[in-house]
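S.K.: Would you mind keeping the following structure in view while I ask a few things?
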Amino acid sequence: MTSVHDFLAALGLERYAQAFEDNDIDPDLLPELTAEDLKDIGVASLGHRKRILAAIAEQSRRAAAMPAPGATDAARPDDAPAVAAGAERREVTTLFADLTGYTALSRALEPEDMHALLSSFFGRLDEIVKRMGGTVDSHIGDCVMAVFGAPVSRGDDAERALRAAVEMHLAMEEISLEFGRTLSVHIGVAAGNVIFSTKGQGSQRDTAFTLTGDSVNVASRLAGLATGGETLISATVHNALGDRISCDPPEYSRVKGLDEAVETHRFKGFEERPPERPLIGRTDELAALCAALDDCRRNARGETVALVADPGVGKSHLAGAVAREAEGRGFARHKALVLDFGLSAANDPLRTL
């Protein structure tokens, strides 16, 4: 079970850890705390009390979703880490988006106005996560935790998470106009192997998740290290996308719960035209696509090509080579990114283009 100090640190409220310790509050007592109890032990800020209580409620929900104790695989090798029945290992990308200056906002705004702001904040960010193919795992206080790669893995989950982050920052500009004050989020994104379990069916918000792994902790910590308007990403995310993204030079930060400093990168944006690399082993495919270009020019009619292959075998690299060949032949190049299409007319790829 998470210690009280780690629980508070995940919320950025470790300043109260000593007060909890002085009052003999251990993890088992957390679900019994009330707002009055928190006030009695010295949590004077209303916003902080609400944030702690919301996180306790979320922790209790997750605990209820865990499979029953003892449900393990009897055939598991002795040296393999235990995975409870109903759970599985997944490679996922986790995103934490935290509203900047929540405590100051909660003091400056009337409760009704704060409620309206949070409703707009969660509504907009949840919609972005869903549209980008992710799952909203939970709302923890003023933070949105999203998962890309579970329950459905799409092969480009790290990219989806970062594109969601870009849109979240843009959405905050619109929310700022809506409420007449400058608002922002600070975001952390990390990828890695986790233990994933799910309970319940229905829409994403109706599905209960349990997600355990270092990458979840790292993403939360990165969000805490980022300033308003920034997105910090882990080395795993940076390595997965390589020269397709632009980042500041790496920095190394200490993260509670991990022995070694974590490599972090400040994400600046996507490179629309990454550096050219030689195309190896695709001579036949490139020749067929260039022949299609020549047919278009000769017949003055367009053609449509569907390029289908498993993730990671070089579809984007081949498409980039064809685009350069097209430009060399005098064609104009237009590009549209459609992460999910076929779901509705609004997401039709040709309509988007």
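S.K.: Full extension from residue 271 to residue 24: what is 0.36 nm times the residue separation minus their Cα-Cα distance, to one decimal in nm?
M.R.: 83.7 nm
S.K.: Order the peptides 166-176, 36-46, 97-107 from the highest to the lowest mean number of other Cβ atoms within 10 Å of their residues.
M.R.: 97-107, 166-176, 36-46
S.K.: Now, a different point. Simple spin-label model, 7 Å along Cα-to-Cβ: residue 35 to residue 178 in nm?
M.R.: Distance between label points: 2.4 nm.
S.K.: Give me the Kirkwood hydrodynamic radius of the stretch 122-178, using the inverse of the mean 1/r over all pairs of distinct Cα atoms, in Å to one decimal.
M.R.: Values: mean 1/r = 0.0865 Å⁻¹.
Evaluated on the stretch 122-178, it is 11.6 Å.
S.K.: Quick one: if the Förster radius is 45 Å, what FRET efficiency do residue 331 and residue 251 give, using the C-beta to C-beta distance and rounding to 0.05?
M.R.: Calculated value: 0.60.
S.K.: Quick one: of 50/268; 50/256; 256/315, which pairs are farther than 29 Å apart, Cα to Cα?
M.R.: Pairs exceeding the cut-off: 50/268; 256/315.
S.K.: Could you work out the local net charge near residue 193, counting Lys and Arg as +1, Asp and Glu as -1, over the other residues with Cβ closer than 12 Å to its Cβ?
M.R.: Summing Lys and Arg as +1 and Asp and Glu as -1 gives -1.
FYI, it's all coordinate maths here, none of it is from the lab. Given the structure is predicted, the values throughout are model-derived calculations rather than measurements. Note: ideal-geometry Cβ built from the backbone for every residue, glycine included; neighbour counts use all protein chains shown.
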